[in-house]
Amino acid sequence: MPTIEEKLAKFDQTIQEDAIRARDAILERLRQESKQKTEDIKAEIEREAVQDYAKATLIAEMARDSAISRASVNLRKQLMGTRDGIMASVLDDLTSRLDVFTGTEQYREFLFKGVSDALELAGWRGGSSAPAGVRGASGYALYLTPRDGRRYKDEIQKSAPGVEIRDGDADMIGGVLAENTGEGKIVDNTLKTIVGYCAEEFFRISNLTLD
């Protein structure tokens with residue numbers, strides 16, 4: 001049976017492949033339009049240059065180059081807008097799917113593993129003793145979405161006694177953020193941050209960039 005990491009990897013791969021196909025179709029259409037528009041502009045400028053050639057050959061050539069340059073800049077802006085639209089669509093779709101994921105049993109496993117990993121990285125070693133420099137409290141806090149807090153607060157406190165459970169922002173989507181207040185250390189295992197990493201990785205592997 002696939003592990004949760006394998007499921008997430010397959011899930012991520014499917015999103016990336018869908019987005020790459022969408023990107024390729026849109027960019028190919030824009031390249032064709034860009035080529036035709038550039039050819040039309042060049043043809044029009046060349047007609048004007050011929051008419052004025054006798055008296056202003058140099059001026060006509062400069063005007064042609066300037067117009068082509070402006071057209072190239074405008075087309076580049078269009079491509080950038082398309083790229084940003086693709087990326088926004090991909091991230092919106094990923095966020096929606098992750099929101100659905102937070103209601104599954106597999107998410108519960110993911111969340112509790114994230115809590116354990118985050119606390120360990122934050123320095124928590126179990127029990128309720130405070131870290132150096134902190135008195136009267138464990139010195140550790142976990143931030144969950146309000147929904148996850150309602151669902152899992154009691155269960156998490158049993159597995160992590162002495163750790164304070166606090167409401168995080170709803171836009172965390174899911175996951176957990178751990179804080180070691182004694183050392184000022186924060187470990188971010190939220191789904192919002194994972195989405196951010198996915199965006200960077202998507203740009204890298206899909207070549208959705210403009211040179």
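A few comments on the model shown:
- Hydrodynamic radius of the range 107-197 per Kirkwood, over alpha carbon pairs, in Å: 12.9
- Highest-first arrangement of 166-173, 63-70, where packing means the average Cβ count within 10 Å: 166-173, 63-70
- Listed peptides 102-113, 179-190 by packing density, highest first (mean Cβ within 10 Å): 179-190, 102-113
Every number in this text was worked out from the coordinates using simple rules, so none of it is lab data. Predicted model only: the values in this text are computed from it and were never measured. Using ideal geometry, Cβ is built from the backbone for each residue, glycine included, and neighbour counts are taken over all protein chains shown.
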